[in-house]
Amino acid sequence: MNDRADKKAARATADQVAREANVSRVAVSRAFNPNASLKPEKRDRILQVARELNYTPDMAARSLVTGRSHLVGMIVPDVCSPWESQEIDALTTALQAEGFATLLFKAKADFSMDPRLLTYMRGFNPDSVIAFTENILPDVLCGFLDRAVPIYVIYDDVTQFAGAASGTLYDRLLVRQKNGIEQAVALLQGYGVRRIAYLGGKAQSLANAERERTLKETLAERGMDAPIVLAGDYTYDTAYRATLDLFRIGDGADAIFAANDVGAFGAIDALRHELGLSVPEDVKVVGFDDIPQAHWKSYNLTTVRIDLEERVRALVRLILMRLRAPDATPFTETLNTRLIVRGTVG
């Protein structure tokens, strides 16, 4: 067996890689950090030698030295719905490009989090935690974190967020929904719409509550009647049934404003295929999010857009700013919404 094979039999050390590649130990460390400055040919040589010697960095040991785990926790309410799945994919990709790995934790159906999972999260000592679920309060989450400052995704009125006045340190991505909702209402009013039904999301969702509140406020400001509120849960089937009830049991509406695009799809299909109504001639439909399926020709949905790329960049900025200034006062990034006009209003 040759020397190279002998070295590969057991996991090598960084010093061995450095000697074999004729570089410094610091250069080996830099080669495994995608953000570190290193000539490409030098990095390629070090990584090639590392593969031949069966070397991988000991992340636990590196964490003890640097005080950083290069892990980001994500707490999400769902992993299968179109919006959450595309956001998880985009955010994971962006974080990996910055040298982070991700830990995914799923909340319960009521958006609460099992304390045992929070304890498990603490054991990984994450550098940051992004909470997509509003009902895990900062006081609770921070109690399970050692040094990480969590980031909360908050909608519209920050004072309405439970725990906002607690004094607990957390950073914020503030999503302003009002701009997009105002644009949608103005468009509907311009087409003569008078009766608007709001097809809601999950009752526990503060994002849904803020959408409903903002819609009511906007309608009042424009001298229009309050919306008919339909209970929903962000799913296609519930939206489909709610739309049937609205027209078969209730008095119908001129337009349906859905809390998300999937709900809008359910409403459109119920109107067209079950009720024999035309969209947008008989009933106009507006969604929320602008997921990729919204532009499909079968729906061609007018919707309020949350720009996913901007949202992901803002979250990554918050993580990096906090790591550079761990004791700073709360950071806030703000993201606006806008209306995307397609064929379901016209």
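The values are calculated or read from the model by the stated rules, or taken from the named source; none is laboratory data. Everything numeric here is computed off the predicted structure, so don't read it as measured data. Cβ placement follows ideal geometry from the backbone for every residue including glycine, while neighbour counts extend to all protein chains displayed. Note: accessible area is taken over every heavy atom of the protein model, side chains too, but ligands, DNA and RNA are not part of it. Shrake-Rupley method; radii C 1.70, N 1.55, O 1.52, S 1.80 Å.
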Response to the item:
With a 1.4 angstrom probe the carbon and sulfur portion of accessible area for segment 238-313, in percent, totals 46 percent
Item to complete: Provide the descending list of Cα extents for the chain along its principal axes, expressed in whole angstroms.
Response: 82, 45, 33
Practice prompt. May I ask for the angle, rounded to the nearest 10°, between helix 206-221 and the longest principal axis of the chain, with both axes built from Cα atoms and the value confined to 0 to 90°?
Written response: 40 degrees
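Normalising by the residue count of segment 240-302, find the relative contact order in percent from Cα pairs under 8 Å and 6+ residues apart. Please report the intermediate quantities before stating the final value.
On the way: 82 pairs, mean separation 21.9, N = 63.
Computed value for segment 240-302: 35 percent relative contact order.
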Discussion item. Probe radius 1.4 Å, ligands and nucleic acids left out: which of 295, 70, 273 has the largest accessible area, and how do the rest follow?
Written reply: 273, 295, 70
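What chymotrypsin sites (Phe, Trp or Tyr not before Pro) in segment 161-251 are in a loop by DSSP, with at most 15 other Cβ atoms within 10 Å of the Cβ?
On the way: sites: 161, 170, 191, 198, 234, 236, 240, 247; in loops: 161, 170, 191, 234.
Answer by residue number: 191.
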Worksheet item: Using the heavy atoms of the protein chains alone and a 1.4 angstrom probe, what is the accessible area of the chain per residue in square angstrom?
Response: 47 Å²
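Give, rounded to the nearest 20 debye, the magnitude of the charge dipole that the chain has about its Cα centre when Lys and Arg contribute +1 at Cβ and Asp and Glu contribute -1 at Cβ. If you can, show how the numbers build up before the last one.
Details: 42 positive and 45 negative charges, 279 e Å.
Here the size comes out at about 1340 debye.
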Worksheet item: Lys/Arg Cβ at +1, Asp/Glu Cβ at -1, dipole of the chain taken about the Cα centre: which of 181, 283, 153 is farthest positive-ward?
Response: 153
Worksheet item: For residue 338 and residue 25 in the same chain, what is the full-extension length gain: residue separation times 0.36 nm, less their Cα-Cα distance, in nm?
Response: 107.6 nm
Worksheet item: Where a Cα-Cα gap under 18 Å defines reach, which aspartates and glutamates qualify for residue 297, not counting those fewer than 8 residues away within the same chain?
Response: 261, 269, 281, 289
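When only DSSP loop residues count, what GluC sites (Glu not before Pro) in segment 265-327 have their Cβ near at most 13 other Cβ atoms within 10 Å?
Sites meeting the loop and neighbour criteria: 281.
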Worksheet item: What is the extension gain from residue 272 to residue 245, computed as 0.36 nm multiplied by their sequence separation minus the C-alpha to C-alpha distance, in nm to one decimal?
Response: 8.3 nm
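Cross-link list 106/216; 106/202; 216/284; 106/284: which exceed 28 angstrom alpha carbon to alpha carbon? Before the final figure, lay out the partial values.
Details: 106/216 31 Å; 106/202 16 Å; 216/284 18 Å; 106/284 35 Å.
Over 28 Å apart, Cα to Cα: 106/216; 106/284.
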Discussion item. Can you compute the modelled spin-label distance between residue 16 and residue 310, with each label point 7 Å from Cα toward Cβ, in nm?
Written reply: 5.2 nm
Item to complete: Within segment 135-153, find all residues whose amide N lies under 13 Å from a label point positioned 7 Å from the Cα of residue 117 along Cα-to-beta-carbon.
Response: 135-136
Item to complete: Please list, in chain and number order, the residues 5+ apart from residue 103 or on another chain whose amide H is under 5 Å from its amide H, with Hs placed from the backbone.
Response: 72, 73, 74
Discussion item. Under the 0.36 nm per residue contour assumption, what length would be gained going from the current alpha-carbon distance of residue 317 and residue 47 to full extension?
Written reply: 94.3 nm
Worksheet item: Mean separation of Cα pairs under 8 Å and 6+ residues apart, divided by the residue count of the chain: what relative contact order is that in percent?
Response: 13 percent
